[in-house]
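Below you'll find the structure, written out as structure tokens, and then a few comments.
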Amino acid sequence: MGRTLEDKKEIVADLKETLSESTLALVIDYQGLTVAQITDLRRRLRPTGTVCKVTKNTLMGIAIDGDENWQPLSELLNGASAFLLVKEDFSSAIKAYQEFQKVTKKTELRGGVMEGRLLKELDVKALGDLPSKEQLIAQIAGAINAVATQLAVGINEVPGSLARALQARVDKEQGDSTESAAE
């Protein structure tokens, strides 16, 4: 039994809502995957804030119609398509998909769309090689901590340098007065 018009409208509305929350959309050819494997893919993607949607290309085409941010996605709509809609950490999502792909060897990445630009497989791989959000935050925190440490050392060094300079001046003056007295 086919889907009713109301069911299709509901699916399109859900796709539009998910796309509006997404920063990256990846299209994979999922032909040959079992239900258990698709469930495994969804389980791997869930912690990264990514949703895996398996839907007809025509319904996705209707969902992206008129939205120039997602319009390039229409070039990837052919064959059995699953859509990985990434909401936040695209680097971790891509890595999770790549791990899944290594295990199953059944899916093929067709490409993706980010900020209105069509991404080929190499572009997506380059995005996956970027550090994750947590790694970037840790790097920034480390850099800020290093600056604060250097500032604290510098501030602590000022009184010590001043004290050494004063002591050198006192020593010099005492040396000068000793020489004057000796003459």
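Since every read-out is calculated from the coordinates, none of them should be taken as a lab result. These numbers come from a predicted model, not from an experiment. Because the Cβ atoms are built from the backbone with ideal geometry, glycine has one as well, and the counts that use them run over all protein chains shown.
Phi angles across the stretch 12-22 convert, under the Karplus curve 6.51 cos²θ - 1.76 cosθ + 1.60 with θ = phi - 60°, into 3J(HN,Hα) values of 4, 4, 5, 4, 4, 5, 5, 5, 5, 8, 9 Hz, Gly and Pro given as x. The H on the amide N of Glu108, modeled in the peptide plane, is under 5 Å from the matching H of Asp29, each at least 5 residues off or on a different chain.
With r defined as the distance between the Cβ atoms of Asn69 and Glu99 and R0 fixed at 35 Å, what FRET efficiency is calculated, to the nearest 0.05? So, using R0 = 35 Å, E works out to roughly 0.80. Within the listed set Gln31, Gln101, Gln167, the Gaussian network model of the chain (springs between alpha-carbon atoms below 10 Å) gives the highest mean-square fluctuation for Gln167.
Taking a straight line from the alpha carbon of Lys56, these lysines sit under 18 Å away, with near neighbours fewer than eight places off in the same chain left out: Lys8, Lys9, Lys16.
Comparing Ala25, Ala165, Ala143 in a Gaussian network model of the chain (Cα springs below 10 Å), the most mobile by mean-square fluctuation is Ala165.
Using square roots of five times the C-alpha gyration tensor eigenvalues, list the equivalent-ellipsoid semi-axes of the chain in whole Å, biggest first.
Details: eigenvalues 839, 56, 35 Å².
Its equivalent ellipsoid spans semi-axes of 65, 17, 13 Å.
The calculated Kirkwood hydrodynamic radius for the stretch 23-62 is 11.4 Å, given to one decimal from all distinct C-alpha pairs. Note on the chain: dipole from Cβ charges, positive end direction compared against Gln167, Gly79, Gly61; the farthest Cα belongs to Gly79. In this Cβ point-charge picture (+1 for Lys and Arg, -1 for Asp and Glu), the chain has a dipole of about 1180 debye about its Cα centre.
One chain, two ends: Asp123 and Gln167. Fully extended at 0.36 nm per residue, the span grows by 9.5 nm beyond their Cα-Cα distance.
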